[in-house]
Amino acid sequence: MAKVTLTPDSGFARELIDAGGDSLKKCYQCATCSVACPMAPANNPYPRKEMVWASWGQKDKLMADPDIWLCHNCGNCAELCPRGAKPADVMAACRNVVYKNLVQPSKVGEWMSSPKGLPMLFLIPAILWLVIWAIRAAIVGAWFPRTEDGRIVFGQIFYGDYTIDPIFMITFFGAVYLLYKGCSKLWNSFKNGDGKLVVVGPTKPWYYHLAMLLWEEVGSHKKFDTCTEGPKTGQPENNRKLGHMCMIVGFVSLMIVTAIVAGGHWVGKVVPVLSIETPMPLTFPVKLLANFGAVVLLVGLVVLTIRRKRQNPKFFASNYQDWYLLGVIWLVALTGCLSQLFRLADAVHCAYLVYYLHLVFVWMLFAYLPWSKLGHLAYRTCALLFVRMYGRG
Ligand code: SF4
Ligand code: SF4
């Protein structure tokens, strides 16, 4: 019989425990979880093997394991585990630890992993936007200016050409570049690890798999019909699907609005007839789409927050990363809505202050994306593409 020598990494196991996998030592390897998981394939099932690797601190194996990204966190395994080892939480902790260290500077990942890092995460954009506010206030001659006809126009302080557009462009493309680096690193570790699977049936090009994947996972959320709210109910996770769909529709609507407004602003410099002036009238179609997106986003937030609060802690719990992401999206949505309401109510001080906070939270959402649970969308897509291309349909 071949001998295998394992070198336990207790530091990594401790990191997993701190990231929400505190129940991992309870596992006694009965494999009930792998049988219960509706997502696990017949060959190479999970999450039992991940429980072994986690308790032995096998960092390299977990880094190279695409399966930790395939879990939908439905909790079926946790509900049936005879030892209360909460494998769903351990899988989530594995993902948290992997994306915390995936891209540089990993210091940001460290700040993102506990409430202690929150002041730094907030202070960076808070100082950035405050400096811009101070400079513009000196140029315009007021901290809370109005136009000549008495209107509140945020662009007077946070001017698109030199502040909002370039800063958010750099932030967005910087985050996309880091996500690409993170995905490349993951892909290479999957290829070099044990995760490479036996190729079954005819292979298709990567773009076919990617298109199918984006439709099934993001467009239709079909997999949420496979995952159930637990073996006792056997019901599809309708609330979770509704919440996620609302968030996607809300975000996509707001991104379309941002693209139209920015496009109108820059193209309008060359073709004045296409120019879009902000603030837009409430009945303008682009404004209607913006407000529709905001309302749908708020509905999604309410549904997902209630669902998290109602989760049975006996089977699985929400970790800090879950609440951090939900909290930042709440703050983005609320400050966005309130800044508009204060502007319409002509409350000039509140309007500018809340809009400033809105910019801070939007920056936090995008700039820290590669180390956040939102970045996990890209890493998960990368893992799903890998397993499809290597034979798991
Ligand atoms: S996590 Fe629970 S169900 Fe899975 S192998 Fe361990 S003890 Fe068994
Ligand atoms: S939480 Fe659901 S998808 Fe994830 S391992 Fe457990 S049963 Fe499988």
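Ordering N319, L301, I276 by the projection of their Cα atoms onto the charge dipole of the range 255-361, which places +1 on the Cβ of Lys and Arg and -1 on the Cβ of Asp and Glu, puts N319 at the extreme positive end. By the Cα gyration tensor, the range 320-359 has an equivalent ellipsoid whose semi-axes, rounded to whole angstrom, run 24, 8, 5 from largest to smallest.
For K191, the aspartates and glutamates whose Cα comes closer than 12 Å to its Cα, not counting residues fewer than 8 places off in the same chain, are D65. Among the DSSP helices (H) of the chain, those spanning at least 30 angstrom by Cα along their long axis with an average Kyte-Doolittle hydropathy of 0.0 or more are 118-140, 165-192, 238-267, 285-310, 320-344; this is a geometric and hydropathy rule only. Of the listed pairs K107/K373; K287/K309; K86/K309; K86/K116; K116/K373; K61/K181, which have alpha-carbon separations greater than 22 Å here? Checking Cα-Cα distances, K287/K309; K86/K116 exceed 22 Å.
When you count, for each residue, the other Cβ atoms within 10 Å and take the mean per peptide, how do 287-299, 368-380 rank with the highest first? The partial results should precede the final answer.
Working: 287-299: 17.9, 368-380: 21.9.
My ranking of the peptides, most packed first, is 368-380, 287-299.
Taking 13 Å as the cut-off, the amide N atoms of the range 70-104 that come nearer than this to a point 7 Å along the Cα-to-beta-carbon line of V35 belong to 80-82. Cα centroid separation, the range 291-327 to the range 26-45: 27 Å.
Note down, for the chain, the three equivalent ellipsoid semi-axes (square root of 5 times each alpha carbon gyration tensor eigenvalue), biggest first, whole angstrom. Write down the numbers at each step before the final one.
Numbers: eigenvalues 368, 94, 86 Å².
Largest first, the chain gives 43, 22, 21 Å.
Binned at 5 Å from 0, what are the whole-percent values of the Cα-Cα distance distribution for the range 10-100, short to long? Final binned percentages: 3, 17, 31, 28, 17, 5, 0. So what's the range 52-193 giving for Rg/Rh, alpha carbon basis, Kirkwood Rh from the mean inverse pair distance? Taking Rh as the inverse mean 1/r over Cα pairs, Rg/Rh reads 1.18. Here the range 112-389 is treated with +1 on each Lys and Arg Cβ and -1 on each Asp and Glu Cβ, and its dipole about the Cα centre works out to around 1000 debye.
Explain nothing, just the number: dipole magnitude of the range 301-388 about its Cα centre with +1 on each Lys and Arg Cβ and -1 on each Asp and Glu Cβ, in debye rounded to the nearest 20.
On the way: 9 positive and 2 negative charges, 109 e Å.
For this selection, approximately 520 debye.
The protection proxy used here, the mean number of other Cβ atoms lying within 10 Å of each residue, ranks peptides 357-363, 173-179, 84-90 as follows, highest first: 84-90, 357-363, 173-179.
Treat every Asp and Glu Cβ in the range 10-100 as -1 and every Lys and Arg Cβ as +1, leave all other atoms uncharged, and give the resulting dipole magnitude about the Cα centre to the nearest 20 debye.
Working: 11 positive and 9 negative charges, 36 e Å.
Computed charge dipole of the range 10-100: roughly 180 debye.
Each value in this text was obtained by applying a stated rule to the coordinates, not by laboratory testing. None of the values given here were measured: they were computed from a predicted structure. Because the Cβ atoms are built from the backbone with ideal geometry, glycine has one as well, and the counts that use them run over all protein chains shown.
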